[in-house]
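Accompanying notes for the structure given below.
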Amino acid sequence: METSIRNETESDYRRVEEITREAFWNLHVPGCDEHYLAHVMRTHRDFIKDLDYVVLVDGELVGNIMFARSSVVNEKNAAVEVLTFGPVSVLPEYQKKGIGSSLIRHAMRRAGEMGYTAVIIYGNPKNYCRHGFKSSKDYGISAADGKYPFSLLTLELVKGTFADHAWRFFESDVYNIDEHEAEEFDRTFGHKEKGYRYTQVEFSIARRAFIE
Ligand SMILES: CC(C)(COP(=O)(O)OP(=O)(O)OC[C@H]1O[C@@H](n2cnc3c(N)ncnc32)[C@H](O)[C@@H]1OP(=O)(O)O)[C@@H](O)C(=O)NCCC(=O)NCCS
């Protein structure tokens, strides 16, 4: 199995959206809209083209990661630009082989080399703590409403970026997608049955969990 990582090109777009749909389908909710997010992200002002990567196995595209610019603002109203990523996907039949980890490691290393200060995401700690992410609360970073969600995670690329201040995270508005447009977009793909998976309950619990 030969794995390679390169930037996404226009001819990859539809396949990346199909892979994203396969990876997220029924995972968090019945169906999914992450493939629509991938679709609209590429033309959004916060999208970072240089950090848009695909991973191939023996020449076949099997996964993707995309980043956007977000920001944190401290109690003195000083803002710092940070990165957010997502969607990140690996085709289900290629998962649990280390491919997602190598893609994430590659993207984080490149983000550091490009001089970005930190990566902040809403994600499952199970997927990201192994890559150095910590609870954002450990850096004094809350959500925009001042709460500390369980799933708000931070990877500090430049040490000390958040020291001695309290921060609020403002995620790029690319993540506020229109559900109806997402539904319309999904109809351009082959039919897939929406249904229940226990992972939807896990997601629902994590989404409503906060750190004291
Ligand atoms: C999250 C995701 C991108 C990870 O990709 P992946 O290729 O499966 O990731 P890895 O293979 O590196 O790691 C996944 C698991 O496989 C294990 N693994 C890695 N290599 C392995 C191997 N050769 N043999 C057996 N297990 C292996 C890892 O230890 C990890 O186990 P754990 O979850 O029990 O800790 C992928 O699962 C995915 O697309 N999921 C659906 C979409 C999603 O959830 N995206 C993230 C939203 S927060």
Sparse-neighbourhood loop hits (trypsin sites (Lys or Arg not before Pro), the stretch 116-191; DSSP loop; Cβ within 10 Å at most 14 others) -> K147, K159, R187
Quote the FRET efficiency, to the nearest 0.05, computed for K97 versus H165 with a Förster distance R0 of 45 Å and r equal to the Cβ-Cβ distance.
-> 0.65
Cα-projected label distance for E60 with C129, points at 7 Å along beta-carbon direction, nm | 3.4 nm
Low-density loop positions, GluC sites (Glu not before Pro), the stretch 1-38 - DSSP coil, at most 12 other Cβ in 10 Å | E2
Cut-off 13 Å between beta-carbons: net charge of the residues surrounding A163, Lys and Arg +1, Asp and Glu -1 | -2
Would you work out the charge dipole size for the chain about its Cα centre, treating the Cβ of every Lys and Arg as +1 and the Cβ of every Asp and Glu as -1, and quote it to the nearest 20 debye?
-> 740 debye
Relative contact order of the stretch 115-171 (C-alpha contacts under 8 Å, at least 6 apart) in percent is 44 percent
Violating pairs (Cα-Cα greater than 24 angstrom) within the set K76/K137; K96/K126; K76/K159; K134/K194; K126/K147; K134/K159 | K134/K194
Among N124, V40, F162 the positive-end extreme of the charge dipole of the stretch 3-207 (Cβ point charges) = F162
List the trypsin sites (Lys or Arg not before Pro) in the stretch 31-105 that DSSP assigns to loop (not H, G, I, E or B) and whose Cβ has at most 15 other Cβ atoms within 10 Å. Which are they?
-> R42, R45, K76, K96, K97
For the stretch 4-20, what does the Karplus curve 6.51 cos²θ - 1.76 cosθ + 1.60, with θ = phi - 60°, yield as ³J(HN,Hα) per residue in whole Hz, taken in order and with x for Gly and Pro?
-> 9, 10, 8, 5, 5, 10, 4, 6, 8, 3, 5, 5, 4, 5, 5, 5, 4
Computed from the mean reciprocal separation of all distinct C-alpha pairs, what Kirkwood hydrodynamic radius does the chain have, in Å?
-> 17.8 Å
Under the 7 Å Cα-to-Cβ spin-label approximation, D50 and K76 lie apart by a distance in nanometres of 2.8 nm
Please give the FRET efficiency for R197 paired with R109, using the beta carbon to beta carbon distance and R0 = 41 Å, rounded to the nearest 0.05.
-> 0.80
For the chain, what does -39500 (n - 2.57) per DSSP helix run (n ≥ 4), summed and divided by total residues, give at 222 nm, in deg cm²/dmol to the nearest 500?
-> -7500 deg cm²/dmol
Once you list every other residue whose beta carbon is under 9 Å from the beta carbon of M1, what net charge do they have if Lys and Arg are +1 and Asp and Glu are -1?
-> -1
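FYI, it's all coordinate maths here, none of it is from the lab. Just so we're clear, the structure is a prediction, and the values are computed from it rather than from any experiment. Glycine also receives a Cβ, built like all others from the backbone with ideal geometry; neighbour counts cover every protein chain displayed.
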